[in-house]
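One structure is given here, and the rest of the page talks about it.
The values are calculated or read from the model by the stated rules, or taken from the named source; none is laboratory data. Small disclaimer: the values here were computed from a predicted structure and weren't measured. All Cβ positions, even for glycine, are placed from backbone atoms using ideal geometry, and neighbour counts span all protein chains on display.
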Amino acid sequence: MTYAVQELVVRHVSPLDTAEITELVSDAMWDGPVARWLTPDPMERRRNAPRYFEIFVEHAVQYGEVYGTADDSGRMDGVALWFPLTSMIPPPMDYERRVKEATEGAIDRVQQLDAALDAEHPLEPHHYLAFLAVRPSKQNRGLGSQLLDRHHARLDRAGIPAYLEANDPRNRDLYLRHGYRVRSVIDLPDGPPIWSMWRPPMV
Ligand SMILES: CC(C)(COP(=O)(O)OP(=O)(O)OC[C@H]1O[C@@H](n2cnc3c(N)ncnc32)[C@H](O)[C@@H]1OP(=O)(O)O)[C@@H](O)C(=O)NCCC(=O)NCCS
């Protein structure tokens with residue numbers, strides 16, 4: 001089946017769009033290896049996911065470039081949240097307070113995660129893929145690849161590299177197939193590996 005990729009590039013979206021993107025990102029990401037490490041209890045993890053991801057979705061909608069795919073009824077089923085770090089972007093507003101509220105007892109781990117990711121984040125200008133999320137019932141049908149291709153084509157035309165962190169071996173392999181190379185493996189204390197990955201522009 002072929003899906004059309006609908007470009008959203010939402011900079012000034014209504015609160016409704018933010019809620020829909022947050023719901024989709026939470027649905028896809030709440031049970032991943034890093035989320036499990038942050039919040040081992042499944043009920044607490046599921047409950048807190050929307051408040052945690054909302055911080056980044058709001059930030060991406062304001063400062064980033066967000067692309068989505070929608071099904072026939074218009075429901076969003078895949079989304080990519082990019083930050084163009086070719087110029088300075090301020091951190092999310094009120095980050096510490098919000099993340100504390102969103103993660104209950106997991107704040108120490110969130111801080112460890114943030115510090116580990118920050119330490120590896122490249123300083124060269126690039127676009128950063130903060131989240132790529134496809135609704136679980138729609139995974140493995142090419143939506144994630146189409147979203148990647150869409151933005152990579154633009155980066156390649158402009159000669160801009162891309163960076164991301166892969167949180168499990170399967171999505172790491174997806175990114176390898178899309179031209180990324182592993183830069184380093186980030187270790188979390190007693191946690192899963194995270195692969196930091198870099199994609200030079202293709203000519
Ligand atoms: C990773 C993800 C965005 C890929 O989107 P997709 O539309 O399923 O991907 P495509 O159909 O284009 O490509 C299929 C490949 O995606 C990867 N993939 C598919 N489902 C996956 C999942 N649940 N977890 C991790 N990787 C997955 C695999 O590499 C798969 O190839 P394989 O079947 O040969 O292993 C999507 O599966 C997803 O949202 N997963 C959960 C959240 C996540 O891991 N996001 C990435 C954070 S870095």
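Considering region 46-78, and only residues there that are in contact with a Phe, Trp or Tyr (Cβ under 6 Å, 6 or more places away or on another chain) and within 17 Å of Glu104 (Cα to Cα), the residue that is surrounded by the fewest Cβ atoms within 10 Å (Cβ to Cβ) turns out to be Arg46. Between Pro193, Pro136, the distinction of being closer than 24 Å to Tyr52 by Cβ and free of Cβ contacts under 8 Å to residues at least 40 places away in the same chain belongs to Pro193 only.
For Glu124, indicate whether it is in contact (Cβ under 8 Å) with a residue 40 or more places away in the chain and surrounded by fewer than 17 Cβ atoms within 10 Å (Cβ to Cβ). It is false that Glu124 is in contact (Cβ under 8 Å) with a residue 40 or more places away in the chain and surrounded by fewer than 17 Cβ atoms within 10 Å (Cβ to Cβ).
When region 150-177 is limited to residues that are near the ligand (Cβ under 9 Å from one of its atoms) and charged (D, E, K, R), the one that is nearest to Pro33 (Cα to Cα) turns out to be Asp168. Please state which one of Phe53, Phe131, Phe83 is among the aromatic types (Phe, Trp, Tyr), within 16 Å of the ligand (Cβ to nearest atom) and part of a helix (DSSP H, G or I). Only one candidate passes the filter, namely Phe53.
Filtering region 20-64 to residues that are more than 20 Å from Leu117 (Cα to Cα), hydrophobic (A, V, I, L, M, F, W, C) and touching a residue at least 24 places away in the same chain (Cβ under 8 Å) leaves Ile21, Leu24, Ala28, Val61. Give the residue that is nearest to the chain's Cα centre (by Cα), with candidates limited to residues of region 134-149 that are surrounded by fewer than 20 Cβ atoms within 10 Å (Cβ to Cβ) and more than 6 Å from the ligand (Cβ to nearest atom). The residue in question is Arg135. Of all the residues in region 56-80, those that are at pLDDT 95 or above and part of a loop (DSSP other than H, G, I, E, B) number 0.
For region 163-190, the set of residues classified as closer than 14 Å to Pro122 by Cα, among the hydrophobic types (A, V, I, L, M, F, W, C) and either free of Cβ contacts under 8 Å to residues at least 60 places away in the same chain or assigned to a loop (DSSP other than H, G, I, E, B) (or both) consists of Leu164, Val182, Val185, listed by residue number. Taken together, the residues in region 111-128 that are within 14 Å of the ligand (Cβ to nearest atom) and under 12 Å from Trp82 (Cα atoms) amount to 1.
Scanning region 107-163 for residues that are within 18 Å of Phe56 (Cβ to Cβ), hydrophobic (A, V, I, L, M, F, W, C) and touching a His at 6+ places or on another chain (Cβ under 6 Å) turns up just one, Ala162.
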